[in-house]
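Engineer: Structure below; questions to follow.
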Amino acid sequence: MSRITITVNGQALVGNTHQPLLEQIEQAGLQPEFQCRNGVCGACRCKLDKGAVSQQDAMAYLAAGEILTCRSTPRESVDLEFDYQVSLVTKKAANL
Ligand code: FES
């Protein structure tokens, strides 16, 4: 297991080489789009601008240079570009 950098739309996160990118991005507090988490819907797609990933079988359509974050595990530091702003998870105050 190696420590790597996952850059999401220019924001650097600490990552690893054993978990799918979608999980790692969520654990860092960001909220990327997803639906199936199983390589079918394509909602989690993004562009891989730099680096390499291991991608498990998937059914969703991908354009050249795109990956599915739910099915991709980074092999090294990666730069990802989503075509929308990936927001931070906002936590509701407990007393609302
Ligand atoms: S969440 Fe559906 S393909 Fe990744």
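Engineer: Suppose we keep only residues that are within 22 Å of Arg3 (Cβ to Cβ) and without any contact (Cβ under 8 Å) to a residue 60 or more places away in the chain within the range 72-84. Which one would you say is surrounded by the fewest Cβ atoms within 10 Å (Cβ to Cβ)?
Structural biologist: So, considering only residues that are within 22 Å of Arg3 (Cβ to Cβ) and without any contact (Cβ under 8 Å) to a residue 60 or more places away in the chain, the one surrounded by the fewest Cβ atoms within 10 Å (Cβ to Cβ) is Arg75.
Engineer: Can you give me the number of residues within the range 2-19 that are modelled with pLDDT of 95 or more, away from the ligand (no atom under 15 Å from the Cβ) and in a loop (DSSP other than H, G, I, E, B)?
Structural biologist: 4
Engineer: Within the range 20-96, considering only strands (runs of 3 or more DSSP E) that don't extend past its boundaries, which have at least 1 residues that are within 10 Å of the ligand (Cβ to nearest atom)?
Structural biologist: Answer list for the range 20-96: 45-50, 66-68, 72-74.
The values are calculated or read from the model by the stated rules, or taken from the named source; none is laboratory data. Remember, it's a predicted structure, so these values are computed and weren't measured experimentally. Virtual Cβ from ideal backbone geometry, glycine too; neighbours counted across all protein chains shown.
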